[in-house]
Amino acid sequence: MSNVENCDQYSTSSSNGACNNAGETTPLLLSHGSISNKAKSAPTEKKDEDGTEESERRIQLFKRRWAMLALCCSFAYINGIQNLQYAALPTSALDYYQVSAQVFDVLTLLYYLAFAVFAIPCVWFVQRTGLRPTVLCCSLLCFTGSVLAIAAAADQKLFALAGIAQAVNGVAQVFIMSLATKLAATWFGPSEVSTATSILVFFYQAGSGLALVIPPILIPESKVMGLVRERMLIFFGIIGSVTFVTVILVLIFFENNPPLPPSGSQFESSSREPISYRECLKSMLKNRHFSVLVISFGLNYGAFNALETLITPQISRNFSELTDKTIGQIAATMVLVGTPGPLVFGIWLDKRKSYLETSLFAYLICTVGCALYTAAVESNWTWSLWVTLGGLGFFLSAYMSVGMEIAAELTYPAPESTASGLIYSSGAIFALIEIAVMRYIMDRSSTLNSNAFVTIMTLLGFILTLSIRGEMKRMKSNQNFPTDDPNTEDN
């Protein structure tokens, strides 16, 4: 074999158009004549009928992309549980630790604080090292957070470890959200990339929903602290055991990248000369439309997490006749009904490619939903909580995957992980602010004013979203390839 080429993370062979790896099938060849000189330097050249040079572009899908996605989804699910694992603990857990409900709020805040502080260095790590080291690091962080949570549950005097655990889990979330679009772009074709991103977000949201349901069921309202301790150890122990298995699977099976790029946009992106992380950030922040998205996404994500964190105390205050178990189920409705949202919208984006229109629609419904929830909490109708929280959760969750895709489109050919990391860093900062302000208003004024505040935040985000008119660059790059989706697959 001769003339083996390397295009950044992808390795291709130009001998007879076949991949050098044993057992690989012939990849799809895509021809296109008007590309940059840098892109032309990677593949082999051939002459068309007029004698002009034409670039053969080799892209291919691999069946094992679904296994890579499944591994990432497993620890995204775990990290989703870790996000809210203290938010839904019953009052007996407060008695066991001898702390107030506000202390559990602080644990959730630590999660977002760690995200905000470590976002930039973590995204640098993702861009510098690639998928496999990042995925392994993320899974190890999730496992470390689980072990610390178990230690804190084993001895109430070690409660400080719970705070460290949440900080570690917050750092893990930076990697997860940065990986979503990068994994999808690295392994999946143009007609699958939004769906792949949304599947990972789906599992993260499902984990958060489970965290609101299981603790009130598993951990009893009891004055017997030995029983409370035992049940908390079971809860945190299960999380730790599953996380340990995930670490082993990632270590053995996860691959950094496929032998060939899955799309034309990835081929062109990998053919470009890399730029420094600092220059990449500067370029992104100079993009006016992306800068607006960073703020609007942050407002929406902050509202979602503020409501997620404070639903339980709000309902407890206004519906005192409800048990902790019922309140936990109502709170979980927002997350569990919301879990299909990213998946539905991801499939829609892959089919229609209507990124900006879809984001406006989702944001508008989120704003209306916040207003309806504000009214529902002040009513005497329990059913209104189930309905409004379900609808609100669906669209708030859906907007997460939509926002990630728009970020990747606006900033192409910059790394998708960097764009995702920046918008989620903004989301973590706004989550900290909105949780603190909502809690302050609840304690000093009323639940009504607290929810009015978060409704105003989503309305402001919707107004900002109206001004986003940037070019969908990644989609345009893929459109240059008439048959960009390969029909051949290999293992």
Once amide hydrogens are built 1.01 Å from N within the peptide plane, the residues lying 5 or more places from ARG58 or on another chain with amide H under 5 Å from its amide H are LEU30
The answer for the per residue Cα convex hull volume of the range 438-483, in Å³, is 106 Å³
Here the equivalent ellipsoid of the chain, derived from its Cα gyration tensor, has semi-axes (largest first, whole Å) of 43, 25, 17
The alpha-carbon pair-distance distribution computed for the range 338-417, with 5 angstrom bins and whole-percent values, is 3, 16, 23, 19, 15, 10, 7, 4, 2, 1, 0
In deg cm²/dmol, rounded to the nearest 500, the helical mean residue ellipticity at 222 nm of the chain, built from -39500 (n - 2.57) for every DSSP H run of length 4 or more, is -24500 deg cm²/dmol
Largest-first ranking of LYS325, LYS223 by accessible area, probe 1.4 Å, whole protein assembly kept, is LYS223, LYS325
In whole µm²/s, the translational diffusion coefficient that Stokes-Einstein assigns to the range 131-253, given a Kirkwood hydrodynamic radius over C-alpha pairs, 25 °C and 0.890 mPa s, equals 154 µm²/s
Here the tail fraction of P(r) beyond 13 Å, over all Cα-Cα pairs of the range 58-117, rounds in percent to 71 percent
Length gained, SER241-LEU460, 0.36 nm per residue minus C-alpha separation, equals 74.6 nm
For the range 313-372, the Cα-Cα pair-distance distribution in 5 Å bins from 0, as whole percents, is 4, 15, 17, 19, 15, 11, 8, 7, 4, 0
Among LYS282/LYS473; LYS282/LYS351; LYS286/LYS351; LYS182/LYS353; LYS286/LYS353; LYS63/LYS473, the pairs whose Cα-Cα distance exceeds 23 Å are LYS282/LYS351; LYS286/LYS351; LYS286/LYS353; LYS63/LYS473
From most to least accessible, 1.4 Å probe, no ligand or DNA/RNA atoms counted, ASP95, ASP105 line up as ASP95, ASP105
Per its Cα gyration tensor (rounded if a/c is under 1.5, else prolate when a/b beats b/c, else oblate), the range 146-191 is best filed as prolate
Residue span ALA436 to SER191: 0.36 nm per residue of separation minus Cα-Cα distance leaves a gain in nm of 84.2 nm
So the pair-distance distribution of the range 198-293, from every Cα-Cα distance in 5 Å bins, comes to percents of 2, 8, 9, 11, 13, 12, 11, 10, 8, 7, 5, 3, 1
In degrees, nearest 10, the alpha-carbon axis of helix 355-378 is tilted away from the dominant principal axis of the alpha carbons of the chain by 0 degrees
In nanometres, the difference between 0.36 nm per residue of separation and the alpha-carbon distance of SER467 and ILE295 is 60.7 nm
Measure of exposure for TRP381: accessible area at 1.4 Å probe, Å² rounded to 10, is 150 Å²
Protection proxy (average C-beta count within 10 Å per residue), highest first, orders 305-314, 157-166 as 305-314, 157-166
So the angle from the long Cα axis of helix 101-129 to the longest Cα principal axis of the chain, reported in degrees to the nearest 10, equals 10 degrees
Checking the range 165-247 for GluC sites (Glu not before Pro) in a loop per DSSP with at most 14 other beta-carbon atoms within 10 Å yields GLU221
One would report the antiparallel percent of DSSP beta bridges in the chain, rounded to the nearest 5, as 85 percent
Of the convex hull drawn through the C-alpha atoms of the range 356-491, the volume per residue in Å³ is 154 Å³
So the angle from the long Cα axis of helix 416-444 to the longest Cα principal axis of the chain, reported in degrees to the nearest 10, equals 10 degrees
Note on the chain: contact order normalised by length, alpha-carbon pairs under 8 Å, 6 or more apart, percent, works out to 23 percent
For the range 275-365, Rg(Cα) over 2.2 N^0.38 Å is 1.50
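The values are calculated or read from the model by the stated rules, or taken from the named source; none is laboratory data. Since we're looking at a predicted model, the values are computed, not measured. Please note: Cβ atoms are built from the backbone with ideal geometry, for glycine as well, and neighbour counts cover all protein chains shown. These area figures cover heavy atoms from the full protein model, side chains too; ligands, DNA and RNA do not enter into them. Shrake-Rupley method; radii C 1.70, N 1.55, O 1.52, S 1.80 Å.
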